[in-house]
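Enquirer: One structure, pasted below without further comment.
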């Protein structure tokens, strides 16, 4: 995306695909980590993680540090309040530590609101002022800190889990600093909640088996990113940057972006999981073959699982979930998806994408969590669900609602122009075919790593070798989710 209404991003941290990371940062980190005594390892993780982030903008490390200190203090405050409270059997009594949770929410969400949504708010206001002939509000664009959506949600989950009694307050600040800043998943997820990480920060297993699994995950993710996602990026960029497209060109662009986004983000998630395993951490799986879904409801159980489960547990259920009647359930579901869309970026296109997803989820809930095409054969249900997802990604990728409408019109054949068609190179066509084959012909990465068959290992090593060759001869494409 060029901007799509998002705050400006000057550059990105060192990428997992950069030579500096692969041949310097990662070997140095792993070497020091395994040479160090156990008590020093959290500090090594935190130090390298802050260095990883500071590569982009050293001054924005202060923001992450502020979020870390705030939530560490809030967690201790909640724990202290709960220890000192006099518990009664009175029904409806408030759980102690509520004010600390509010402080954490206001601090984290306020930070996110300013850096991610201030530009959008001012631009929207200026648009309204222009309608009434009023002068615009003077404003200097805010730079969006890379990964702020991920580390604020992750840090916030700590205080909420402590307040709910789902986790114990962290005992050592070094462990919490390590948790918030951990570079494998710092800037693009998965969102790792504290209740699944607390014990691992204190004690975890290191073994050659886990390290080997981590290497395989990392290799698979790197191959997904470089060989598939980056090969499709020029096609998607060309299509969404064109003023006029044929129907074929529009579908080529939409399909290229659909696979680019999936292999880019799932590739990053695989690499994050792999890096975590190399140092004994087990991060949650973030994708489970989402394009094999046969309904939008199923799609959201398989796509960006850490975010969808976060929105469910920290937004949908607190809003009332499905406990307050049918109408309230549909409102809660729609609102959750709208906010999920807005979480991805401050633009009307993301709001439209969230509304689109919410519409289908509500429709399927009305039908008993079944699609309108439930009676069709399984393969057709898969195809129709995939087409609905592709249409949704047009809103997600478009720089404006006008561009999204133009793209969808071209896909529907409502175009009178034969100019501006997308050209696709032989390598991009091969990548598109390979992406489809991997998507529907192979099990998930976690299943393949667990299987570790000789054929799979051979194919993966060949793909990894091709990836390293490609890295030395191609321009690097930043991970798409860095901008969120």
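Enquirer: Just to be sure before I move on: is residue 447 without any contact (Cβ under 8 Å) to a residue 60 or more places away in the chain, assigned by TED's automatic domain parsing to the domain that holds residue 381 and farther than 27 Å from residue 267 by Cα in the structure I sent? Please lay out each step first, then the result.
Expert: Working: without any contact (Cβ under 8 Å) to a residue 60 or more places away in the chain: yes; assigned by TED's automatic domain parsing to the domain that holds residue 381: yes; farther than 27 Å from residue 267 by Cα: no.
Against the criterion (without any contact (Cβ under 8 Å) to a residue 60 or more places away in the chain, assigned by TED's automatic domain parsing to the domain that holds residue 381 and farther than 27 Å from residue 267 by Cα), residue 447 does not qualify.
Enquirer: Of the residues that sit in the range 238-258 and are more than 29 Å from residue 466 (Cα to Cα) and buried (at least 21 other Cβ atoms within 10 Å of the Cβ), which one is modelled with the lowest pLDDT?
Expert: Restricting attention to the range 238-258, the residues satisfying the condition of being more than 29 Å from residue 466 (Cα to Cα) are 241-248, 250.
Subset that is buried (at least 21 other Cβ atoms within 10 Å of the Cβ): 245, 250.
Values: 245: 85, 250: 91.
Restricting to residues being more than 29 Å from residue 466 (Cα to Cα) and buried (at least 21 other Cβ atoms within 10 Å of the Cβ), the top hit is 245.
Enquirer: Quick check: is even one residue across the range 384-391 closer than 25 Å to residue 313 by Cα, touching a helix residue (DSSP H, G or I) at 6+ places or on another chain (Cβ under 8 Å) and surrounded by fewer than 22 Cβ atoms within 10 Å (Cβ to Cβ)?
Expert: There is at least one residue in the range 384-391 that is closer than 25 Å to residue 313 by Cα, touching a helix residue (DSSP H, G or I) at 6+ places or on another chain (Cβ under 8 Å) and surrounded by fewer than 22 Cβ atoms within 10 Å (Cβ to Cβ).
Enquirer: Restricting to the range 180-213, name every residue that is assigned to a helix (DSSP H, G or I), within 20 Å of the chain's Cα centre (by Cα) and crowded, with 21+ Cβ neighbours inside 10 Å.
Expert: In the first step, residues of the range 180-213 are kept if they are assigned to a helix (DSSP H, G or I); the result is 180-181, 183-185, 194-202, 208-213.
Among the residues that remain, those that are also within 20 Å of the chain's Cα centre (by Cα) are: 180-181, 183-185, 194-197.
180, 181, 183, 184, 185, 194, 197, listed by residue number.
Enquirer: Right, next: Among the residues in the range 217-237, are any more than 30 Å from residue 30 (Cβ to Cβ), surrounded by fewer than 24 Cβ atoms within 10 Å (Cβ to Cβ) and free of Cβ contacts under 8 Å to residues at least 40 places away in the same chain?
Expert: Checked the range 217-237: at least one residue is more than 30 Å from residue 30 (Cβ to Cβ), surrounded by fewer than 24 Cβ atoms within 10 Å (Cβ to Cβ) and free of Cβ contacts under 8 Å to residues at least 40 places away in the same chain.
Condition check ((1) out of contact with any helix residue (DSSP H, G or I) (no Cβ under 8 Å at 6 or more places or on another chain); (2) more than 30 Å from residue 207 (Cα to Cα); (3) not in a helix (DSSP H, G or I)) across all residues:
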residue	(1), (2), (3)
232	no, yes, no
248	yes, yes, no
261	no, yes, no
264	no, no, no
268	no, no, no
281	no, no, yes
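Enquirer: Return yes when residue 113 is surrounded by fewer than 16 Cβ atoms within 10 Å (Cβ to Cβ) and modelled with pLDDT of 85 or more and no when it is not. Steps first, please.
Expert: Numbers: surrounded by fewer than 16 Cβ atoms within 10 Å (Cβ to Cβ): yes; modelled with pLDDT of 85 or more: yes.
For residue 113, the condition - surrounded by fewer than 16 Cβ atoms within 10 Å (Cβ to Cβ) and modelled with pLDDT of 85 or more - is met.
Enquirer: Restricting the range 412-435 to residues that are in a helix (DSSP H, G or I) and over 27 Å from the mean Cα position of the chain (by Cα), which is surrounded by the most Cβ atoms within 10 Å (Cβ to Cβ)? If you could, list the steps in order and put the result at the bottom.
Expert: As a first pass, look at the range 412-435 and keep what is in a helix (DSSP H, G or I): 426-435.
Applying the additional criterion that residues be over 27 Å from the mean Cα position of the chain (by Cα) yields 426-427.
Working: 426: 7, 427: 13.
The qualifying residue surrounded by the most Cβ atoms within 10 Å (Cβ to Cβ) is 427.
Enquirer: Among the listed residues 307, 275, identify the single one that is assigned by TED's automatic domain parsing to the domain that holds residue 223 and either within 21 Å of residue 240 (Cβ to Cβ) or assigned to a helix (DSSP H, G or I) (or both).
Expert: Details: 307 fails: assigned by TED's automatic domain parsing to the domain that holds residue 223.
Of the residues listed, the single one that is assigned by TED's automatic domain parsing to the domain that holds residue 223 and either within 21 Å of residue 240 (Cβ to Cβ) or assigned to a helix (DSSP H, G or I) (or both) is 275.
Enquirer: Here's a follow-up. Are any residues in the range 283-304 over 18 Å from residue 219 (Cβ atoms) and assigned to a loop (DSSP other than H, G, I, E, B), and if so, which ones? Outline the logic, then answer.
Expert: Taking the range 283-304 first, the residues over 18 Å from residue 219 (Cβ atoms) are 284, 288-304.
284, 288, 289, 293, 294, 295, 303, 304 - these are the residues of the range 283-304 that are over 18 Å from residue 219 (Cβ atoms) and assigned to a loop (DSSP other than H, G, I, E, B).
Enquirer: Another question, if that's okay. Can you tell me which residue within the range 52-61, out of those that are part of a helix (DSSP H, G or I) and either within 21 Å of the chain's Cα centre (by Cα) or modelled with pLDDT of 90 or more (or both), is surrounded by the most Cβ atoms within 10 Å (Cβ to Cβ)? Steps first, please.
Expert: The first filter runs over the range 52-61 and keeps only residues part of a helix (DSSP H, G or I), leaving 52-54, 58-61.
From the residues that got through so far, the ones that are either within 21 Å of the chain's Cα centre (by Cα) or modelled with pLDDT of 90 or more (or both) too are 52-54, 60-61.
Numbers: 52: 20, 53: 24, 54: 15, 60: 19, 61: 17.
Only one residue tops the list, namely 53.
Enquirer: Is it true that some residue in the range 344-356 is crowded, with 16+ Cβ neighbours inside 10 Å and more than 29 Å from residue 115 (Cα to Cα)?
Expert: no
Enquirer: Taking residue 453 as meeting all but one of (1) surrounded by 12 or more Cβ atoms within 10 Å (Cβ to Cβ); (2) over 24 Å from the mean Cα position of the chain (by Cα); (3) in the same structural domain as residue 259 (by TED's automatic domain parsing), write down the number of the exception.
Expert: (1)
The values are calculated or read from the model by the stated rules, or taken from the named source; none is laboratory data. Quick caveat, the model's predicted, so the values are computed rather than measured. Reconstructed Cβ throughout: ideal geometry from the backbone, glycine too, with neighbour counts over all protein chains shown.
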